[in-house]
1. List the strands (runs of 3 or more DSSP E) that sit entirely inside the range 38-119 and contain at least 3 residues that are within 12 Å of ALA11 (Cα to Cα).
2. Could you go through the range 145-159 and let me know if any residue there is among the charged types (D, E, K, R), over 16 Å from the mean Cα position of the chain (by Cα), over 17 Å from LYS126 (Cβ atoms) and at pLDDT 60 or above.
3. Of the residues ALA38, ALA11, only one is at pLDDT below 95, out of contact with any Gly (no Cβ under 8 Å at 6 or more places or on another chain) and either surrounded by 20 or more Cβ atoms within 10 Å (Cβ to Cβ) or within 30 Å of LYS126 (Cβ to Cβ) (or both); which?
4. I need the full set of residues from the range 107-130 which are within 22 Å of ILE54 (Cβ to Cβ) and either buried (at least 22 other Cβ atoms within 10 Å of the Cβ) or hydrophobic (A, V, I, L, M, F, W, C) (or both), in order please.
Amino acid sequence: MNNFGILVLAAGQSSRFGSDKLLAHMPDGRPVIAHSLAPLLAISREEKIKLCVITRPDNISLIHYLTLENIPYSLCPDAHQGMGHSIAHGIKTHQTWDGWVIALADMPKVSQALVTELIQNINQHKHVIVRPHVISENKKIPAHPVYFPRHLGYQLSQLQGDRGAKELIKLHSQSLKSLDILEGDNLIDVDTPEILKSF
């Protein structure tokens with residue numbers, strides 16, 4: 001069993017979408033979060049990696065969905081203050097893990113191949129940040145999910161606001177392990193109904 005785990009951030013307000021985007025239906029009828037979770041749940045089962053979804057206490061519909069699907073979740077009471085608070089909550093409630101893969105619940109195009117390659121790289125580089133980058137027009141565009149090793153746990157647990165872990169990643173950029181990928185679809189997140197219609 002791997003001693004790191006996966007935290008899936010699903011506590012946003014969906015303000016730009018206008019309704020709960022995570023439960024909005026994709027073309028196949030399944031909700032956005034089902035697609036986002038699929039490769040993560042698959043690798044969790046295959047590699048015996050623990051997984052937990054971080055969400056808001058007031059998102060009753062999502063809590064109901066996660067309960068029906070038997071997916072572990074944790075309620076972040078101050079999630080409304082920003083992603084940083086959700087990450088901090090996830091770290092504090094999973095302090096026994098030796099590292100954390102932080103994934104976003106609104107990215108339904110992240111592929112199984114990417115997640116598998118990410119886990120393989122984590123197993124080889126457990127003591128540094130491991131982050132995918134999409135190569136596009138000779139540029140490296142940061143992607144998700146991102147792995148953080150145990151020694152960054154305290155700093156992660158102190159995050160606040162909407163910036164998430166960007167500054168922490170920048171601070172440790174010299175030792176970061178970059179996983180270069182070519183699949184641009186992995187970058188797509190569902191922020192508006194128009195994006196969802198484009199699938």
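The values are calculated or read from the model by the stated rules, or taken from the named source; none is laboratory data. Every value quoted in this text rests on a predicted model; they were computed, and no experiment measured them. Glycine also receives a Cβ, built like all others from the backbone with ideal geometry; neighbour counts cover every protein chain displayed.
1. The strands (runs of 3 or more DSSP E) meeting that bar are 50-55, 73-75.
2. no
3. Values: ALA38 fails: at pLDDT below 95.
Just one listed residue meets the conditions, ALA11.
4. Answer for the range 107-130, where residues must be within 22 Å of ILE54 (Cβ to Cβ) and either buried (at least 22 other Cβ atoms within 10 Å of the Cβ) or hydrophobic (A, V, I, L, M, F, W, C) (or both): MET107, PRO108, VAL110, LEU114, VAL115, LEU118, ILE119, ILE122, ILE129, VAL130.
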